[in-house]
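The values are calculated or read from the model by the stated rules, or taken from the named source; none is laboratory data. It should be emphasised that the depicted structure is a prediction, and the values quoted were computed from it without experimental measurement. Every residue, glycine among them, receives a Cβ derived from its backbone with ideal geometry; neighbour counts consider all protein chains shown. Accessible surface is based on the protein model in full, side chains and every heavy atom, while ligands, DNA and RNA are left aside. Shrake-Rupley method; radii C 1.70, N 1.55, O 1.52, S 1.80 Å.
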Amino acid sequence: MRAYYFDNIPGDQRLPHDSGNPVSDEILKSVGVLHWHIPTSQQNLIDTVAEERSYKNRDTITITKQGLGDLYEAKLKTFYEEHMHEDEEIRYILEGSGFFDVREHPSESWIRCQVDAGDLLVLPAGIYHRFTLDENNMIKALRLFKDEPKWTPLNRGGPTDVNPYRVDYLESIAVN
């Protein structure tokens, strides 16, 4: 996985938008983002990570224009809306590629995480983020869950700023 600051230049969200300013693992950890590279030929290692982090359930999601048909553009728009979840978001990329953008706090800068096959990304509950495909327009990912599989985005706004999971997240990264 490669991480860098988003350039904020208007245009196709699927472009790299690379500002040329890389983001270190230390910065990612400071905002609660974890990542590993586990070659897809060694997927059995995912079970070890799942056990260590108490992930009990999993499913697979494939995002392509062919697979989503007429819903494709609407789904991408939904994924790209700034939101948070009340659970960790865990994705292991099986095929394809894309971008997870996470908000650095308190700077409000976007950090773009470019993910490819073999990348495992963990976003903490309460972090503001968004997702988009890249120009390859395809990703297949294993989603891991601590409880029952669910994906409930809470779009950023007044209610999410005071959501207990958001408040806990901010406390966990020592931001007051």
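Across the chain, Cα pairs under 8 Å and at least six residues apart give a relative contact order of 31 percent.
Calculate, for Ile9 and Glu82, the FRET efficiency according to 1/(1 + (r/R0)^6) with r their C-beta to C-beta distance and R0 22 Å; round to the nearest 0.05.
Numbers: r = 17 Å, r/R0 = 0.79.
It comes out at approximately 0.80.
Annotation: Lys75 carries an accessible surface of approximately 90 Å², with a 1.4 Å probe and no ligand, DNA or RNA atoms counted.
Using the Karplus relation 6.51 cos²θ - 1.76 cosθ + 1.60 with θ = phi - 60°, the per-residue 3J(HN,Hα) values for the range 136-145 come to 6, 6, 7, 8, 10, 9, 8, 9, 10, 9 Hz, with x marking Gly and Pro. Proximity of backbone amide H atoms, modeled 1.01 Å from N, is registered between Gly126 and His85, Asp87 at under 5 Å, excluding neighbours fewer than 5 places apart on the same chain.
Rounded to the nearest 0.05, what FRET efficiency is calculated for Arg53 and Glu135 with R0 set to 35 Å and r the Cβ-Cβ distance? Working shown, then result.
Details: r = 32 Å, r/R0 = 0.91.
It comes to 0.65.
Note on surface exposure: Leu68, Leu144 rank Leu68, Leu144 by accessible area, highest first, 1.4 Å probe.
Site pair Val167 and His105 shows an inter-label distance of 1.2 nm when each label is modelled 7 Å from Cα along Cα→Cβ. The Rg/Rh ratio of the range 117-176, with both radii computed over alpha carbons and Rh defined as the Kirkwood radius, is 1.01. Annotation: Thr160 carries an accessible surface of approximately 10 Å², with a 1.4 Å probe and no ligand, DNA or RNA atoms counted. Build a GNM of the chain with springs between Cα atoms under 10 Å: which of Leu94, Leu71, Leu15 gets the top mean-square fluctuation? Fluctuation is largest for Leu71.
Given their separation in residues at 0.36 nm each and the Cα-Cα distance between them, Leu71 and Thr40 gain 8.3 nm when the chain is fully extended. Rounded, prolate or oblate, given the Cα gyration tensor of the chain, with a/c below 1.5 counting as rounded? Because its axes are fairly even, with a/c under 1.5, the chain counts as rounded. For the range 106-145, give the percent of accessible area contributed by carbon and sulfur heavy atoms, probe 1.4 Å, rounded to a whole number. C and S atoms contribute 45 percent here.
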